[in-house]
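Below: the structure, in structure tokens.
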Amino acid sequence: MTATDHLQQLKTRVRLARLLTLTSYAALMALLSAWFLVLAPAPGDRPWVVWLWHLAPLLAFAPSILKGRPRAHAWLCFVLLLLFIEAVLAATHPATFGLGLAYCLLVGLLFVAAMYYARWKGQLLRLGNGS
């Protein structure tokens, strides 16, 4: 494999990881919004507070994720570990099994996609071909 082929393959991987990251990021925010505002809102007058509490960590990364910064993707993965714990707990509860399972899958997909994006984009930047 030539250096040009390797570079092209790396660029393709970066594009795929970016697409998966953005898609799963948006899907996760949509799932949390639907869950906490429509499907099973928190009891009380202010279900949006619970919704915002769950979305705030994700929204904090939005500008950097949209700009494609690899370091932000890596840091997002650390936050996703905490969300994964919550997702597993939701999946083990009979009342929230389906939503919890979807939550687990989306967090897992986002974790893998963001981690690979951070890795491959970092390699691309080290090669001097960050475009």
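Here, each number is a calculation from the coordinates, and none is a lab measurement. As the structure is a prediction and not an experimental result, all values here were calculated from the model. When we count neighbours, we look across all protein chains shown, and the Cβ atoms used for this are built from the backbone with ideal geometry, even at glycine.
When only Cα pairs below 8 angstrom with a gap of at least 6 residues are kept, the chain shows a relative contact order of 34 percent. Considering the dipole of region 3-126 built from charges on the beta carbon (Lys and Arg +1, Asp and Glu -1) around the Cα centre, which of Leu39, Tyr116, Leu83 is farthest to its positive end? Of the listed residues, the answer is Tyr116. Thr12 sits among other residues whose Cβ lies under 12 Å from its own Cβ, and their net charge, with Lys and Arg +1 and Asp and Glu -1, is +3. From a point 7 Å beyond the Cα of Ala95 in the direction of its Cβ, which residues of region 29-47 have a backbone N at a distance under 17 Å? Residues 35-47 qualify, since their backbone N sits under 17 Å from the label point.
Ordering Tyr103, Tyr117 from the fewest to the most neighbouring beta carbons within 10 Å gives Tyr103, Tyr117.
Here is what passes the span test in the chain: the DSSP H helices with alpha carbon length of 30 Å or more along the helix axis and a Kyte-Doolittle mean of 1.6 or above are 70-92. Gap in Å between the Cα centre of region 1-15 and the Cα centre of region 30-108? Here the answer is 33 Å between Cα centres.
Around the Cα centre of the chain, unit charges on the Cβ atoms of Lys, Arg, Asp and Glu (plus for the first two, minus for the last two) sum to a dipole of about 640 debye. The alpha carbon gyration tensor of region 1-49 gives principal lengths a ≥ b ≥ c with a/c of 1.5 or higher and a/b greater than b/c, which makes the shape prolate. Here the calculated FRET efficiency for Val88 and Leu66, from their Cβ-Cβ distance with R0 = 30 Å, stands at 0.60, rounded to the nearest 0.05.
Each of Ala95, Ala30, Ala72 was placed along the dipole of region 3-126 (beta-carbon charges, centred on the mean Cα), and the one lying farthest toward the positive end is Ala72.
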